[in-house]
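Student: The following block contains the structure, expressed as structure tokens.
The values are calculated or read from the model by the stated rules, or taken from the named source; none is laboratory data. Since the structure is predicted, the reported quantities are computational estimates derived from the model, not experimental observations. Methodologically, a virtual Cβ is constructed for each residue, glycine included, from the backbone with ideal geometry; neighbour enumeration extends over all protein chains shown.
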Amino acid sequence: MRYTLIRQGASRSFPDGDSFLDGASAEGEVVVCLGAPHEPDPTKKATLIELGAECLGVHTGANVLGFARYRNGDDPPSQLIELVVQPNSDPGAIEAAQKLFEEAGFEVAVCADQAGRIVDRLVRPVYNAALRFLDEGLASAAAMDATCRLGLGYPDGPIERVMRGGLAHHHDVSKALFEVYGATAYAPARRAVVAAQRREKGS
């Protein structure tokens, strides 16, 4: 399926050099907005807006959908696209968006319009808990990571993963979720708060 890209700033989902950027067409059936939203075009099958911390409800239109390609902080983006829909979303727009991303080689998970979508709502409490356990002296980072790899079959442990993605980035995502939901599981752990404060100081 042909798609047109509108780029207004840096994209976390498709950074410079990503092959998805090379497949765009000037006359696409779907408009993909990267970096910032754009006025939806009702003549297109769908307008897809890259979401940050905001909900899709900020952007209106039956053929307007949100998406985010999951990325662990500074790691390269994954092959997972979280496609965000609302109850009144046009089924044709949803079908077109799924087809576009699947033809580009991505796995698509359709989800409701909730802050954090699927992955961040699942993993941020885990990262916060692991960081708090580390502060409490439950176990070393290496022991916790090894336990998750060997006992649960994870490819990496929560401490090594959140550290690799960046504690300041984790802080930003967790804080945004905490402000929406108010659940203590989303409150950024101490180490993440310190990392964000050090970033602000430029140290």
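Student: Taking only the range 142-177 into account, find how many residues are surrounded by fewer than 17 Cβ atoms within 10 Å (Cβ to Cβ) and over 18 Å from residue 70 (Cβ atoms).
Tutor: Looking only at that region, the number is 9.
Student: Can you tell me which residues in the range 64-91 are farther than 19 Å from residue 39 by Cα, surrounded by fewer than 18 Cβ atoms within 10 Å (Cβ to Cβ) and not basic (Lys, Arg)?
Tutor: 73, 74, 75, 76, 78, 79, 80, 87, 91
Student: Here is a further query. Just to be sure, is residue 39 of a type in the set (D, E, K, R) and farther than 30 Å from residue 161 by Cα?
Tutor: On the way: of a type in the set (D, E, K, R): yes; farther than 30 Å from residue 161 by Cα: yes.
Here the answer is yes, as residue 39 does meet what is asked.
Listed here are the residues, each with its yes/no results for (1) closer than 18 Å to residue 73 by Cβ; (2) free of Cβ contacts under 8 Å to residues at least 12 places away in the same chain; (3) part of a loop (DSSP other than H, G, I, E, B).
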| position | (1), (2), (3) |
| --- | --- |
| 135 | no, no, no |
| 143 | no, yes, no |
| 149 | no, yes, no |
| 154 | yes, yes, yes |
| 160 | yes, no, no |
| 173 | yes, no, no |
| 176 | yes, no, no |
| 179 | no, yes, no |
| 185 | no, no, no |
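Student: Kindly establish whether residue 126 is modelled with pLDDT of 95 or more and under 30 Å from residue 20 (Cβ atoms).
Tutor: Details: modelled with pLDDT of 95 or more: yes; under 30 Å from residue 20 (Cβ atoms): yes.
Judged against the criteria, residue 126 is a match.
Student: Please enumerate the residues belonging to the range 102-133 that are part of a strand (DSSP E or B) and closer than 16 Å to residue 85 by Cβ.
Tutor: Restricting attention to the range 102-133, the residues satisfying the condition of being part of a strand (DSSP E or B) are 107-112.
Hits for the range 102-133 are 108, 109, 110, 111, 112.
Student: Out of curiosity, is residue 18 farther than 23 Å from residue 176 by Cβ, touching a strand residue (DSSP E or B) at 6+ places or on another chain (Cβ under 8 Å) and not assigned by TED's automatic domain parsing to the domain that holds residue 163?
Tutor: Working: farther than 23 Å from residue 176 by Cβ: yes; touching a strand residue (DSSP E or B) at 6+ places or on another chain (Cβ under 8 Å): no; not assigned by TED's automatic domain parsing to the domain that holds residue 163: yes.
Considered against the rule, which asks whether it is farther than 23 Å from residue 176 by Cβ, touching a strand residue (DSSP E or B) at 6+ places or on another chain (Cβ under 8 Å) and not assigned by TED's automatic domain parsing to the domain that holds residue 163, residue 18 comes out as no.
Student: Still on this structure, please answer the following. Going by what's in this entry, would residue 139 be described as part of a helix (DSSP H, G or I) and not basic (Lys, Arg)? Explain how you work it out, then say what you get.
Tutor: Numbers: part of a helix (DSSP H, G or I): no; not basic (Lys, Arg): yes.
Taking the combined requirement at face value, the residue does not satisfy it.
Student: Tell me which residues, restricted to the range 3-56, are exposed (fewer than 14 other Cβ atoms within 10 Å of the Cβ) and more than 21 Å from residue 80 (Cβ to Cβ).
Tutor: Residues satisfying the conditions are 8, 9, 25, 26, 27, 39, 42, 43.
Student: Of the conditions (1) charged (D, E, K, R); (2) at pLDDT below 95; (3) in a helix (DSSP H, G or I), residue 99 clears all except one; give me its number.
Tutor: With (1) charged (D, E, K, R); (2) at pLDDT below 95; (3) in a helix (DSSP H, G or I) applied to residue 99, the lone miss is (2).
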